[in-house]
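Below you'll find the structure, written out as structure tokens, and then a few comments.
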Amino acid sequence: MRVQMTVNGEARVCDVKGSESLLFALRDYLHLTGSKGACEQGECGSCSVLLDGELVCSCLVMAADAEGSEVVTIEGMGGPELHPVQKALVDSGAVQCGFCTPGFVVAAAALLEENPTPSSDEMREALAGNICRCTGYGAILRGLETLVGGR
Ligand code: FES
Ligand code: FES
């Protein structure tokens, strides 16, 4: 099945098989390997992308269902400069491994887009679907708090 999407601002087309996920299409057909498949069951958030502006686990979305949609992956965050979330995490020493970090960045960017001044509790709640196997949450939250004035 031919699927046409806008991915990170570019029109992309890929031929997918019926049950393949959006994550699979992004990684294996479009070679956007920033989104990671860790659990592939919607439990860890490492595959987080924006689908028509909504934060989703791309492992749970069928690629065919993304037809005509706008997808933003970690590769589409920022531009010549780091996205503010990426910079905050780098500056706070919160960038640990490549498995969880892309998902945290996408999820945090989605949160700040919706709520530019989240409280610490709101941040924790928004990132509850993202799992770091190393329990590195403290540095991530401290980094994000620098973006909202340490509330
Ligand atoms: S790989 Fe999608 S939630 Fe874990
Ligand atoms: S730093 Fe990525 S899983 Fe812990």
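Some points to look at:
- FRET efficiency estimate (nearest 0.05) - Cβ-Cβ, D121 to R12, R0 30 angstrom: 0.20
- Measuring how big the range 1-107 is from its alpha-carbon positions, Rg and Dmax come out at 13.4, 44 Å.
- The listed peptides 36-47, 10-21, ordered by packing as a protection proxy, come out as 36-47, 10-21 (highest mean of other Cβ atoms within 10 Å first).
- Angstrom value of the Kirkwood radius, inverse mean 1/r, which spans all Cα pairs in the range 47-151: 14.0 Å
- Averaged over its residues, the chain has an accessible area of 51 Å² per residue, based on protein heavy atoms and a 1.4 Å probe.
- Of the accessible area of the chain, computed with a 1.4 Å probe over protein heavy atoms only, carbon and sulfur atoms account for 50 percent.
- The length gained by stretching the chain between C97 and T135 to full extension, at 0.36 nm per residue less their Cα-Cα distance, is 12.5 nm.
- Counting Cα-Cα pairs of the range 8-54 in 10 Å increments starting at 0 gives whole-percent bin shares of 24, 58, 18.
- Peptides 120-127, 61-68, ordered by how many other C-beta atoms sit within 10 Å of their residues on average, highest first, read 61-68, 120-127.
The values are calculated or read from the model by the stated rules, or taken from the named source; none is laboratory data. These numbers were taken from a predicted model, which means no experiment stands behind them. Note that we place each Cβ from the backbone using ideal geometry, even for glycine, and neighbour counts take in every protein chain shown. Heavy atoms of the whole protein, side chains included, go into the accessibility calculation; ligands, DNA and RNA do not. Shrake-Rupley method; radii C 1.70, N 1.55, O 1.52, S 1.80 Å.
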